[in-house]
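J.: Structure in structure tokens, see below.
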Amino acid sequence: MLANKPKTKILVDGGDPEETLRIKNLVGFVDGQTTNPSLIAKNPEIQRLLASGRKLSSQEERDEYKRIVQAISPMVGDAGISIEVFAELDTKAEEMLAQGREMFSWIPNAYVKYPCTHEGLRAAGISVRDGIRVNMTLCFSQEQAAAVYAATVGSKAPVYVSPFVGRLDDRGEDGMALVANIKKMFSGSDGHVQVLAASIRNRNHLLCAFALDAELVTVPGKVLEEWAGQGFPMPDQDFRYTAADKDGKPLKTIQYKQLDLSRPWESFNLDHELTTKGIEKFAADYRSTLQRTA
């Protein structure tokens with residue numbers, strides 16, 4: 001069990017309440033949880049239903065998602081549970097918002113996840129004005145993070161932005177450099193947006209998130225189990241993150257941009273190939289659990 005809690009809040013990235021309980025017993029606490037359509041599709045009970053030849057209706061899928069987050073809700077701390085809207089590339093803000101309002105009502109500690117797209121940011125802006133907590137997901141650029149800041153100014157609750165580290169690493173770019181750049185950009189801000197390092201693949205990612213003072217980090221259960229098995233090492237002042245892929249090849253650094261956070265959010269470039277691919281992947285995993293409709 002972890003003796004000294006790090007400043008960075010630790011969230012479990014998963015969709016299985018039994019895993020969350022196991023991690024809580026292992027670490028001693030879980031600050032929060034992040035979920036998404038892919039993780040919900042992998043939930044053991046949903047997998048058993050699918051293995052038996054059963055497919056779910058859209059309503060049954062939502063009911064299952066609700067059941068899962070309601071089971072996890074009492075286990076986690078004040079970082080809450082992030083619940084992701086089902087969005088395709090052409091989903092409008094109004095449709096995301098309708099889902100977000102329903103999901104926010106499921107549990108008292110909900111955060112609604114919207115994608116870092118124009119429509120996702122429109123939904124987020126309305127949500128924060130209505131008192132709905134938000135987590136902006138599939139962030140792959142500093143400009144997207146700047147737009148999140150500008151679109152949610154005035155939020156009473158912290159807003160999360162989730163840069164996806166591992167998916168940038170996968171294409172040869174240093175995902176942790178993006179986390180560092182966003183932290184630097186927000187250093188002189190009003191603090192309403194917090195950085196939630198996501199797509200964490202290994203212990204080095206986790207330790208670097210701690211070293212960068214990311215406000216939150218969401219981590220797969222297997223990485224937290226590995227960290228616990230090594231005695232919960234923490235980065236010291238001599239810690240140096242090596243930005244390299246699994247074969248040891250150096251990752252390309254992502255340069256810092258000087259951006260004006262007071263600009264209108266619509267003026268920032270939101271386009272990123274990995275955001276598009278991420279939405280397509282989540283949508284495909286969600287559809288894989290559904291009945292085919294004529």
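The values are calculated or read from the model by the stated rules, or taken from the named source; none is laboratory data. What you see is a predicted model; the values in this text were computed from it and never measured. In this analysis, Cβ positions are derived from the backbone assuming ideal geometry, glycine residues included, and neighbour counts consider all displayed protein chains. The accessibility values were calculated without ligands, DNA or RNA, using every heavy atom of the protein model including side chains. Shrake-Rupley method; radii C 1.70, N 1.55, O 1.52, S 1.80 Å.
J.: Mind checking whether some residue in segment 29-37 is more than 16 Å from the chain's Cα centre (by Cα) and without any contact (Cβ under 8 Å) to a residue 40 or more places away in the chain?
T.: No - not one qualifying residue is present in segment 29-37.
J.: Just for segment 158-173: of the residues that are more than 17 Å from the chain's Cα centre (by Cα) and either polar (S, T, N, Q) or not in a helix (DSSP H, G or I) (or both), which one is farthest from THR242 (Cα to Cα)?
T.: ARG171
J.: Counting only residues that are in contact with a Lys or Arg (Cβ under 7 Å, 6 or more places away or on another chain) and not hydrophobic (A, V, I, L, M, F, W, C), which one in segment 1-35 is nearest to ILE81 (Cα to Cα)?
T.: Restricting to residues being in contact with a Lys or Arg (Cβ under 7 Å, 6 or more places away or on another chain) and not hydrophobic (A, V, I, L, M, F, W, C), the top hit is GLY32.
J.: Let me ask another. Are there any pairs with C-beta distances below 9 angstrom linking a residue in segment 67-83 that is on the phi > 0 side of the Ramachandran plot to a residue that is of a type in the set (Gly, Ala, Ser) and open to solvent by less than 30 Å² (accessible area, probe 1.4 Å), with the two at least 6 apart or on different chains, and if so which?
T.: If the second residue must be of a type in the set (Gly, Ala, Ser) and open to solvent by less than 30 Å² (accessible area, probe 1.4 Å), the pairs left are GLY80/GLY32; GLY80/SER73; GLY80/ALA110.
J.: In segment 2-32, which residue that is farther than 21 Å from GLU60 by Cα and among the small types (Gly, Ala, Ser) is most open to solvent (accessible area, probe 1.4 Å)?
T.: Among those that are farther than 21 Å from GLU60 by Cα and among the small types (Gly, Ala, Ser), it is ALA3.
J.: Another question, then. Within segment 33-63, work out how many residues are open to solvent by 60 Å² or more (accessible area, probe 1.4 Å) and outside any helix (DSSP H, G or I).
T.: The qualifying residues number 5.
J.: Of everything in segment 64-86, what is small (Gly, Ala, Ser) and either at pLDDT below 95 or open to solvent by 20 Å² or more (accessible area, probe 1.4 Å) (or both)? Give them in sequence order.
T.: Hits for segment 64-86 are ALA71, GLY77.
J.: Moving to a separate point now. Take the conditions of a type in the set (Gly, Ala, Ser), open to solvent by less than 10 Å² (accessible area, probe 1.4 Å) and either at pLDDT 90 or above or at negative phi (or both) and apply them to ALA93. Does it pass?
T.: The answer is yes for ALA93.
J.: Would a scan of segment 143-153 turn up a residue that is within 22 Å of PHE29 (Cα to Cα) and hydroxyl-bearing (Ser, Thr, Tyr)?
T.: No, segment 143-153 contains no residue that is within 22 Å of PHE29 (Cα to Cα) and hydroxyl-bearing (Ser, Thr, Tyr).
J.: For the structure I just gave you, tell me whether TYR114 is touching a residue at least 24 places away in the same chain (Cβ under 8 Å), part of a helix (DSSP H, G or I), open to solvent by less than 10 Å² (accessible area, probe 1.4 Å) and within 21 Å of ALA41 (Cβ to Cβ).
T.: Answer is no for this residue.
J.: In segment 150-177, which residue that is open to solvent by less than 10 Å² (accessible area, probe 1.4 Å) and of a type in the set (S, T, N, Q) is farthest from CYS139 (Cα to Cα)?
T.: It comes out as THR152.
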